[in-house]
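We did not get these values from a lab; they are worked out from the coordinates using the rules stated. A quick note: this is a predicted structure, and the numbers were derived from the prediction, not measured. Cβ placement follows ideal geometry from the backbone for every residue including glycine, while neighbour counts extend to all protein chains displayed.
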Amino acid sequence: MNFSYNMRIIHRYLGFFLAGIMSIYAISGMLLIFRETEFLKYETKVERNFEKDIAIDALGKAMRVRDIKLLKEENNICFFKQGTFDRNTGIANFTTKQYPYLLEKMTKLHKANTKQPLFILNLLFGLSLLIYVVSAFWMFVPGTDIFKKGMYFALAGFIMALFLLLI
């Protein structure tokens, strides 16, 4: 068996193997484009205790609320868009927007970094995709019309990606 034949086999079975994870990354990637919006998110009411003298910026970080802004403060109760914080008791009542359980898990997988064990899966997935891409160039015999057309499409895709990176 020759190298091209083996690359086609690798490409075929790696494609089948990666179908599920590629679907998850595709869906979560598209969903993350809209992460600054409320698309597919639902509201959850939360009550949590914090230090009584916590700064508003630190409170926002602890609550995982971006761009928290103090609207007003009356009787040691801080009012902000997402809820309230009582400096007397340290209790914050606020609302958050989050994805349904499965979508939340998918986006967490997509955003995993080296501080989370899922990063190993991301590395393996990235490596598998790279092998998948390289093996695609052995799917057709060089010199045939379909291979030449494939090279034009590959070049066009590369140029488009480079253009999008540079703008």
Residues whose placed amide H lies under 5 Å from that of Ile91, excluding near-sequence neighbours
Phe50, Asp86
Distance from the Cα centre of segment 127-162 to that of segment 21-93, in angstrom?
45
Under a Cβ-only charge scheme (Lys and Arg +1, Asp and Glu -1), can you give me the dipole magnitude of the chain about the Cα centre, in debye to the nearest 20?
380
Quick check: the angle from helix 145-166's long axis to the longest principal axis of the chain, C-alpha only, nearest 10 degrees?
30
For Glu73, Glu36, what ranking results if the residue with the fewest other Cβ atoms within 10 Å of its Cβ goes first?
Glu36, Glu73
Enter the angle in degrees (range 0 to 90, nearest 10) between the Cα long axis of helix 3-33 and the first principal axis of the Cα atoms of the chain, meaning the one along which they spread out most.
20
Could you derive backbone 3J(HN,Hα) for segment 34-50 from the dihedral phi with the Karplus parameters 6.51, -1.76 and 1.60 (θ = phi - 60°), listing whole Hz in sequence and x where the residue is Gly or Pro?
9, 5, 7, 9, 9, 4, 6, 9, 10, 8, 10, 8, 10, 10, 9, 8, 9
Segment 1-120 - Rg over Rh from alpha carbon coordinates, Kirkwood radius:
1.23
Proximal lysines to Lys41, defined as alpha-carbon separation beneath 17 angstrom and excluding residues fewer than eight positions away on the same chain
Lys97, Lys105, Lys108
Hey, which aspartates and glutamates would be in cross-link range of Lys111, C-alpha to C-alpha under 19 Å, not counting anything within fewer than 8 residues on its own chain?
Glu36, Glu38
Within 10 Å of each residue's Cβ, count the other Cβ atoms and sort Met1, Met22, Met160 from fewest upward.
Met1, Met160, Met22
From DSSP H assignment alone, runs of 4+ in the chain each adding -39500 (n - 2.57), the sum over residues rounded to the nearest 500 puts [θ] at 222 nm at -18000 deg cm²/dmol
